[in-house]
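Heads up: the structure comes next, in structure tokens.
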Amino acid sequence: MSETGNIIELKDVYKSFGAQQVLKGLNLGIPRGQTTVIIGRSGGGKSVMLKHMIGLIKPNQGEVLVDGINIVRMSDHQLNGVRRRFGMLFQEAALFDSMNVQDNVAFPLREHTKLPERQVLNLVSEKLGMVGLPGVEHKMPSELSGGMRKRVGLARAIALEPEIILYDEPTTGLDPPLSAAINRLIAETQQKLGVTSVVISHDIEGAFLVGQNIAMLYQGKIIAQGSPQEIRDSSDEVVQQFIHGRAEGPIEVI
Amino acid sequence: MGWLRPMEMVGGKFLHWLEEAGELLLLFLQSVLWMMRPPFRLQLLFKQMEFVGVGSLGVTILTGAFTGGVFALQSYHGFSLFGAESLVGSTVALALTRELGPVLTSLMVTGRAGSAMAAELGTMRVTEQIDALYVMAVNPVQYLVVPRILASVAMLPVLTIIADFVGIVGAYVVGVGLLGINHGIFISKIIEYMDFSDISMGLVKAAFFGLILSLVGCFKGFYTSGGAEGVGRATTRAVVLGSVLILASDYVLTAMMF
């Protein structure tokens, strides 16, 4: 248990790919049991930052703490123990296209539990019910629409009832009603399972809807963090320009 | 310093090549490590054995039969100049078991299965399915690479022995059936000149080529970047690099073994 009540902490994280510096001394704490939304420009390193939290990407410099333990120097084998506490929804869902929906959602259950097959299948239908997709067990991912794939991805992410769920742009590319549905799912999942959620988004409305805590990533750093109200009232011009979607301001658009 | 450019290019290529060789070796070491850790994924292994082995049976038989046949035809023309037609059978049999069986089979399987491994893993990489495995605390090297390597190492010798046999049958059909070499002589010369070690060394080579083609295929797929184009590039490079490594290592192995 970390002293600050943060389940995940990124400390002074630097990351570059070739000559391109993506994260430049980023500091961020994710409070336990809440939904934190990270907003910021497309291509601004939000996904990169998210992938640091689960050890998919390692920083060039800095620390990533999960419950106070630095995961940066862990081997894949050691990381597996940490990763079991996480669920992650990928941008394009990343379902295994060689398996049907049922096997996809059952995958983490079969890998990490010794539950009898009957119970696994029950859990799969329960999770698919939770994301509003009952009865699609035998479809292949290629037969589903983008929104359905994301919901199956969410069902897979929550299959093991993780403590922490990471969402990589859950609503990008979806139509407004579906975005709203996904946002509601995120909020419901958080309430039902009492998990810590980290959501990456550039959908401002959704961010204010699901987030109890909002952080803005700009030029490789977190420039503001606080409750939705605090972010709305922020005096930072970059934050104001971003949340109001204005073309003019300190953010160079073109 | 314009005159240094060519050197830079050569040096850069060399460094890139070294880097790639290092990464390939690392993937191999990781695979060995994860091979020995439970869980042992037998189902995935059998699936890959079916894909690499059973799936390549058709092309292996065709390759073997025609190679044996054409080899008999060519050597007959040469040997008949000095009346040594009786040696056609043993020549073909030795060439097939020691060289052509393992090498041609491996090249065909590289084109068929090595490329498929690169394409499949490459697609999984660019669609984040490999990341998803990591996230679900399943090591992708263990889940994807290990079964493919084990299956290839196990199945290539099996395919090779089939190619050897079918090749000799092909040579028999051409030599005895079409060209009129005496049946008894054809067979007895094979038995006289061929040792068991000719076959077994060929099979050792085949197993090694199986390691190469699967490792290269998985390596190119595993480190794919750049979307659909990247997957295409990975597939091509897997076949080219795999084939080149098979041919080059064939020389080294042969020099060491025989």
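The values are calculated or read from the model by the stated rules, or taken from the named source; none is laboratory data. As the structure is a computational prediction, the values presented were derived from the model and not from experiment. Here the Cβ positions follow ideal geometry from the backbone for every residue, glycine too, while neighbour counts run over all protein chains shown.
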(request) Could you grab me the full set of residues in region A:165-182 that are crowded, with 22+ Cβ neighbours inside 10 Å and not hydroxyl-bearing (S, T, Y)? (result) A:I165, A:L166, A:D168, A:P170, A:I182
(request) Hey, could you check region B:80-97 for residues that are buried (at least 17 other Cβ atoms within 10 Å of the Cβ) and among the hydrophobic types (A, V, I, L, M, F, W, C) and say which is farthest from the chain's Cα centre (by Cα)? (result) B:L87
(message) Every residue in region A:82-121 that is in contact (Cβ under 8 Å) with a residue 12 or more places away in the chain, more than 25 Å from A:E143 (Cβ to Cβ) and part of a helix (DSSP H, G or I), please.
(response) A:V82, A:R83, A:H112
(request) Could you please give the count of residues in region B:105-124 that are charged (D, E, K, R) and surrounded by 22 or more Cβ atoms within 10 Å (Cβ to Cβ)? (result) 0
(request) Give B:Q129, B:Q74 a once-over and let me know the one that is among the polar types (S, T, N, Q), more than 16 Å from the chain's Cα centre (by Cα) and under 30 Å from B:Q30 (Cα atoms). (result) B:Q129
(message) Restricting to region A:22-66, and then to whatever is more than 14 Å from every other protein chain (Cβ to nearest Cβ) and of a type in the set (V, I, T), can you tell me which residue is farthest from A:G211 (Cα to Cα)?
(response) A:V22
(request) State all residues of region A:7-46 that are polar (S, T, N, Q) and surrounded by fewer than 21 Cβ atoms within 10 Å (Cβ to Cβ); if no residue qualifies, say none. (result) A:S16, A:Q20, A:Q21, A:N27, A:Q34, A:S42
(request) Check region B:48-66 and report whether any residue there is more than 30 Å from B:G170 (Cα to Cα), surrounded by fewer than 19 Cβ atoms within 10 Å (Cβ to Cβ), within 21 Å of the chain's Cα centre (by Cα) and without any contact (Cβ under 8 Å) to a residue 12 or more places away in the chain. (result) no
(message) Which count do you get for residues in region A:139-149 that are within 13 Å of another protein chain (Cβ to nearest Cβ) and of a type in the set (D, E, K, R)?
(response) 1
(message) Going residue by residue through region A:13-30, is there one that turns out to be at positive phi, free of Cβ contacts under 8 Å to residues at least 40 places away in the same chain and either in a loop (DSSP other than H, G, I, E, B) or touching a Pro at 6+ places or on another chain (Cβ under 6 Å) (or both)?
(response) yes
(message) Being away from every other protein chain (no Cβ under 11 Å), at pLDDT 90 or above, part of a helix (DSSP H, G or I) and more than 18 Å from the chain's Cα centre (by Cα) is true for just one of A:V124, A:V152, A:V136. Which residue is that?
(response) A:V124
(message) Looking only at helices (runs of 4 or more DSSP H) that lie completely in region B:56-148, which have at least 2 residues being within 14 Å of chain A (Cβ to nearest Cβ), more than 30 Å from B:D164 (Cα to Cα) and of a type in the set (G, A, S)?
(response) none
(request) State all residues of region A:93-117 that are aliphatic (A, V, I, L, M) and at the interface with chain B (Cβ under 8 Å from one of its Cβ atoms); if no residue qualifies, say none. (result) A:A94, A:L95
(request) Evaluate region A:74-81: report whether one residue or more is charged (D, E, K, R), more than 18 Å from the chain's Cα centre (by Cα) and not in a strand (DSSP E or B). (result) yes
